[in-house]
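The values are calculated or read from the model by the stated rules, or taken from the named source; none is laboratory data. As the structure is a computational prediction, the values presented were derived from the model and not from experiment. Don't worry about glycine lacking a Cβ; one is built from the backbone with ideal geometry, like all the others, and counts go over all protein chains shown. Just the protein is used for accessible areas: all its heavy atoms, side chains included, with ligands, DNA and RNA removed. Shrake-Rupley method; radii C 1.70, N 1.55, O 1.52, S 1.80 Å.
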Amino acid sequence: MEKMMMDKNEARLEVARKEMVTHQLVARGISDQCILRAMATIPRHLFVPERIRDAAYQDCPLPIGYDATISQPYIVAYMSELLKLSKNDRVFELGTGSGYQAAVLAFCTKEVISVERVPELVPVALGNLAAVGTTNVRVLEGDATTLAADYAPYDAAILTAASPALPEYLYPYMNDGGRIVVPVGDMYVQELFLITVLQGKGRVEGKGGVRFVPVIGKHGFAEGG
Ligand code: SAH
């Protein structure tokens, strides 16, 4: 009986996931086939706290504890698509959080190096990634604004927290032509930027307004605002 109920619930969540891809992603112009496949395949509900699992496929961000949020599905897809990923890419992520964004990136690349500053979130993310069978994400604990050198160079980088300025400190660790997606602004509203690093210089394009929790660290905001 219990097993049957679980299967029914899983089936319902799978339907919700496919609908999320159709109505929230494809309908709004996401067209990268690998990102769409990743988000149709990866069970996002396993990345949110159990009590809000039923909300995992809704069109909104969700709290995951420690002031962190798992981004709205559309934002995950949009930022991932901007990175123009290919199978052999290595990607750097600031802000592992639940590990969901890292799992989506890992689905379409060779390796993801993801850094999280909140120690308690690291085992949570590792557990989530293991639960969905993702094996090509390396999670590091610490301030990502100081740790990019360790596994450089990268083809792409993503900051899933708001930066007070363009992350020029990452440019030396990017391969030529590398892409960085980052929200830049104050603690409350930001603009998303796509930066292409060419011969050590950044070509910057604005990609719309967003709202993220702040980067806290050396090249971020001070702890406690
Ligand atoms: N990508 C995550 C969402 C992250 S929310 C997901 O898919 O679930 C933003 C995260 O960035 C938070 O967990 C926060 O703790 C982390 N963060 C903030 N500043 C950081 C820094 N300097 N280094 C690493 N992680 C940081």
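In the list LYS84, LYS18, which residue meets the criterion of being at positive phi, modelled with pLDDT of 95 or more and not small (Gly, Ala, Ser)?
On the way: LYS18 fails: at positive phi.
Answer to the selection: LYS84.
Yes/no per residue for (1) in contact with a strand residue (DSSP E or B) (Cβ under 9 Å, 6 or more places away or on another chain); (2) within 15 Å of the ligand (Cβ to nearest atom):
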| position | (1), (2) |
| --- | --- |
| LEU25 | no, no |
| ARG28 | no, no |
| SER31 | no, no |
| ALA40 | no, no |
| HIS45 | no, yes |
| PRO49 | yes, yes |
| LEU62 | yes, yes |
| TYR66 | no, yes |
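Taking the condition of being within 11 Å of the ligand (Cβ to nearest atom) and surrounded by fewer than 17 Cβ atoms within 10 Å (Cβ to Cβ), how many residues in segment 186-220 meet it? Steps first, answer last, please.
Applying the first criterion (within 11 Å of the ligand (Cβ to nearest atom)) to segment 186-220 yields 212-220.
Among the residues that remain, those that are also surrounded by fewer than 17 Cβ atoms within 10 Å (Cβ to Cβ) are: 218.
Counting residues in segment 186-220 that are within 11 Å of the ligand (Cβ to nearest atom) and surrounded by fewer than 17 Cβ atoms within 10 Å (Cβ to Cβ) gives 1.
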Review point. How many residues are among the β-branched types (Val, Ile, Thr), in contact with an Asp or Glu (Cβ under 9 Å, 6 or more places away or on another chain) and touching a residue at least 24 places away in the same chain (Cβ under 8 Å) when one looks only at segment 195-214?
Key: 4
Revision key, fill the gap. Only one of ALA156, ALA77, ALA149 is buried (at least 24 other Cβ atoms within 10 Å of the Cβ), modelled with pLDDT of 95 or more, touching a helix residue (DSSP H, G or I) at 6+ places or on another chain (Cβ under 9 Å) and not in a strand (DSSP E or B), namely ALA77
Review point. Does ALA77 count as farther than 20 Å from ALA149 by Cα and free of Cβ contacts under 8 Å to residues at least 60 places away in the same chain?
Key: yes
Revision key, fill the gap. Pairing a residue in segment 55-69 that is in contact (Cβ under 8 Å) with a residue 24 or more places away in the chain and under 12 Å from ARG44 (Cβ atoms) with any residue that is surrounded by 12 or more Cβ atoms within 10 Å (Cβ to Cβ) and small (Gly, Ala, Ser), where Cβ atoms lie under 8 Å and the two sit 6 or more apart in sequence or on different chains, gives ALA56/ALA16; TYR57/ALA16; ILE64/GLY97; ILE64/SER98
Practice item. List every residue pair whose Cβ atoms lie under 9 Å apart, where the two residues are 6 or more positions apart in sequence or sit on different chains, the first residue falls within segment 148-174 and is under 27 Å from PRO61 (Cβ atoms), and the second residue, located anywhere, is open to solvent by 10 Å² or more (accessible area, probe 1.4 Å) and among the acidic types (Asp, Glu). Key: TYR154/ASP89; ASP155/ASP89; ALA156/ASP89; ALA162/ASP186; PRO164/ASP186
Point to revise | Selected residue (criterion: surrounded by the fewest Cβ atoms within 10 Å (Cβ to Cβ)) from residues of segment 159-185 that are touching a strand residue (DSSP E or B) at 6+ places or on another chain (Cβ under 9 Å) and aromatic (Phe, Trp, Tyr) | key: TYR173
**Study point:** One residue from LEU94, LEU83 being among the aliphatic types (A, V, I, L, M), within 14 Å of the chain's Cα centre (by Cα) and away from the ligand (no atom under 13 Å from the Cβ)
**Key:** LEU83
**Study point:** Top-ranked residue in segment 101-123 [being open to solvent by 10 Å² or more (accessible area, probe 1.4 Å) and part of a helix (DSSP H, G or I); ranked as nearest to the ligand (Cβ to nearest atom)]
**Key:** GLN101
